[in-house]
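Here is the structure we will look at.
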Amino acid sequence: MTFSDLLLQQTINGLSLGAMYALLALGFTLVYGILELINFAHFNVFMVGSFIGMWTLQLMGINGQAVVMTGLPLIGVMLVALFVTMLLSGGLGVVIERLSLRPLRNVKGPAAMITTIGVSYILFNIILLTVGADSKNYPNPLPPIQWALGDAVLRLREVLIWVISVLLMLGLHVFVQRSKMGKAMRATAQDPEAARMMGVEVDRVIIIAFFLGSALAGAGGLIFGLYYNFTSFIIGFTAGLRAFTAAVLGGIGNVPGAMLGGVIIGLVESMGGQFIATEWTDVIIFSILVLVLVFRPSGLMGRVAPNKS
Amino acid sequence: MPELLRFQDVNTHYGDLHVLKDVNYTIGQGEIVSLLGGNACGKSTTMKTIMGVVRPTTGSVIFDGVAIETMSTAERVKRGIAPVLEARRLFPRMTVYENLEMGAYTRKRGPDFNQDLERVYSLFPRVKERLNQVSGTLSGGEQQMVAIGRALMARPRLICMDEPSMGLSPLFVEQVFEIIQEINRQGMTIFMVEQNANMALSIAHRAYVLQTGKVVLSGSAAELRRDPSIREAYLGELQVT
């Protein structure tokens, strides 16, 4: 492979990973923007979402890579899987918020954040104990279509991942910018007390933020399975930490920032793996996190935060 | 004059701190009533109690004949109370238009929304010029216009203003007070907390004076302007500055 083909191939890989991290990063950013809470349960909502996607595909009769579909049936199956996964993952996020975070709404300090770590472990162990520790072969009905670009290969699954991610992110962007609830979310993020005085029911805004963030994490989980052909109870931590880094890199609380951060982290992972060594991936990514926190704590697209006095 | 808002023996606490002490106010429909007092006397707590951010420990808040003290803020806004918050508190990274939309948050979007927009534009032609500007980049005076416009967009029956003159240049203070009078002439009831007692008493019909959480004086604005203790405590020092 020539250098430029390698570069192209790793760009394709990196954009696919980046799309997944971006979807996951959006959940961190939506919740942080409104509650200033880092929701570590998000890691494993992503993991559970990947299992929900797996079960949904299996219920539709797709097992492993044996069933191959094309055309409309494929699109239909993918839409159903995506819809069910997002709905149930979003629901899971809402349940987590209602049961474990709302009772702590007025508790100061890190109690809520630590609770999200606890919830994360609960989800992790529920899946470990019910599904088992072994990796699961992920159902994947995609036909093995691929295009050669020089020596680089673009597979149908990558195109599918890009299309799904771009549509979801566009949808979220339009929702946040244009819809009444989206405007209420932005208003609440900018000044919760003033938003409340306009008649915004802040608890509802929080529920919607958890639903949307968790639904996107579920979509990310489905994409993970389709991309790697497996899922397991442990996938949440690595992907979650990288997505969290993406959110901080872009500027946590900033929606376009999370998208940009996700793509950058995805590209860093694929390029680093190609041109340095995969063992160094996490070193590189978390070094970026440290550097961002030291030199530009508000992130690439974040505002320089005023001192809260 | 029919009564629109009444505080009946209201007490509020922040933890052990007793803020409002057996406070009674009555605000009639169509009035401008001003609330005067020094720092930390309970003025802002009064506003928060009206909006439902602070709940009274005892006593009742009655709006249009209905006790509202246990209602949510959203419910109060729907019933017709809109705030102009201290320091304006616009949503800084939303446009002027979006801020106005947020004012109408509890209402269904109908033709009357556009009517109200037109009304805001006619009161504040400057606001119309700045619709697509991010509100954080406006000057203080322009922000105050948007803040008042935002309150009007709720189509309220009572507007509660917390320090409308704060941080504005003298020229703008005068403009803002003229606008408040104009809105009042169109029938709006206004309850206004204000440090600038001189200005407040010049446009208010009546006023209450609050001191460490108690109402120590009340009466018509004209009476209070003549009251020696008011002249000394609130008017004198402000005329010097």
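The values are calculated or read from the model by the stated rules, or taken from the named source; none is laboratory data. It should be emphasised that the depicted structure is a prediction, and the values quoted were computed from it without experimental measurement. Positions of Cβ are generated from backbone atoms using ideal geometry, with glycine treated the same way; all protein chains shown enter the neighbour counts. For the accessible areas, the whole protein counts, side chains as well, though only heavy atoms, and no ligand, DNA or RNA atoms are used. Shrake-Rupley method; radii C 1.70, N 1.55, O 1.52, S 1.80 Å.
Okay, here's what the table says:
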| quantity | calculated |
| --- | --- |
| Packing-based ranking, highest mean first, of B:26-39, A:64-77 given that Cβ atoms within 10 Å are counted | B:26-39, A:64-77 |
| Accessible surface, per residue, of segment B:127-171 when the full set of protein chains is kept, probe 1.4 Å, Å² | 37 Å² |
| Charge dipole of chain A about the Cα centre (unit charges at C-beta), most positive-ward option of A:171, A:82, A:138 | A:171 |
| 5 angstrom amide H check on residue B:5, placed H, neighbours 5+ away | B:27, B:64 |
| Under DSSP loop assignment and at most 16 Cβ neighbours within 10 Å, longest trypsin sites (Lys or Arg not before Pro)-free interval of chain A | A:109-302 |
| Accessible area buried at the B-A interface, both sides summed, 1.4 Å probe (Å², nearest 100) | 2100 Å² |
| Relative contact order, percent, chain A [alpha-carbon distance under 8 Å, six or more residues apart] | 37 percent |
| DSSP beta bridge pairing in the protein assembly as shown, given as percent antiparallel to the nearest 5 | 60 percent |
| Protection proxy ranking of B:128-137, A:49-58 - average other beta-carbon atoms within 10 Å, highest first | A:49-58, B:128-137 |
| 5 angstrom amide H check on residue B:54, placed H, neighbours 5+ away | B:49 |
| Unit charges on C-beta of K, R, D, E only; dipole of the protein assembly as shown, Debye | 600 debye |
| Peptide-level mean, for B:145-152, of C-beta atoms on other protein chains within 10 Å | 1 |
| Average beta carbon contacts from partner chains per residue of A:198-207, 10 Å cutoff | 5 |
| Net dipole in debye of segment B:44-136 [+1 Lys, Arg Cβ; -1 Asp, Glu Cβ; about Cα centre; nearest 20] | 180 debye |
| Leading residue at positive end of dipole, segment A:201-309 (Cβ point charges), from A:207, A:243, A:233 | A:207 |
| For the protein assembly as shown, calculated [θ]222 nm from helices alone, where every DSSP H run of n ≥ 4 adds -39500 (n - 2.57) | -18000 deg cm²/dmol |
| Estimated distance in nm for a label pair at residue A:59 and residue A:280, the labels positioned 7 Å out from Cα along Cα-to-Cβ | 4.6 nm |
| Hz values of 3J(HN,Hα) by residue in segment B:187-198 - Karplus curve (6.51, -1.76, 1.60), Gly and Pro given as x | x, 7, 8, 10, 10, 10, 8, 8, 6, 7, 4, 4 |
| Angle between chain B longest axis and helix B:111-123 axis [Cα atoms, degrees, rounded to 10] | 70 degrees |
| 5 angstrom amide H check on residue B:13, placed H, neighbours 5+ away | B:19, B:57 |
| Stokes-Einstein diffusion coefficient of chain B, Kirkwood radius over Cα pairs, 10 °C, 1.306 mPa s, in µm²/s | 87 µm²/s |
| Rounded to whole Hz, the Karplus (6.51, -1.76, 1.60) HN-Hα couplings of segment B:139-156, x for glycine and proline | 6, x, x, 5, 4, 5, 4, 5, 4, 5, x, 4, 5, 5, 5, 6, 6, x |
| Peptide B:87-96, shielding by other chains (average Cβ, 10 Å cutoff) | 4 |
| Pairs from A:183/B:108; B:78/B:214; A:183/B:78; A:180/B:43 whose Cα-Cα separation, in the structure shown, is over 21 Å | B:78/B:214; A:180/B:43 |
| Fraction in percent of alpha-carbon pairs per bin - 10 Å, the protein assembly as shown | 4, 16, 23, 20, 15, 11, 7, 3, 1, 0 |
| 1.4 Å probe, heavy atoms, protein only - residues of segment B:97-143 losing at least 20 Å² accessible area vs chain alone | B:98, B:101, B:102, B:105 |
| Rounded FRET efficiency, nearest 0.05, which uses the C-beta distance separating residue A:114 from residue B:118 and R0 of 56 Å | 0.60 |
| Between segment B:128-206 and segment A:141-159, the Cα center-to-center distance that results, in Å | 62 Å |
| Degrees separating the helix A:281-295 axis from the principal Cα axis of chain A, which is the longest one | 30 degrees |
| About the Cα centre, charge dipole magnitude for segment B:90-155 (Lys/Arg +1, Asp/Glu -1 at Cβ), debye | 120 debye |
| For segment A:241-279 and segment A:6-84, distance of Cα centres in Å | 17 Å |
| Rounded to 10°, Cα long-axis angle of helix A:41-59 versus longest principal axis of chain A | 40 degrees |
| Per residue solvent-accessible surface (Å²) - segment A:22-233, probe of 1.4 Å | 41 Å² |
| Hz values of 3J(HN,Hα) by residue in segment A:256-268 - Karplus curve (6.51, -1.76, 1.60), Gly and Pro given as x | x, x, 5, 5, 4, x, x, 5, 5, 5, x, 5, 4 |
| Top positive-direction residue, dipole computed over segment A:22-233 with Cβ charges, set A:101, A:224, A:25 | A:101 |
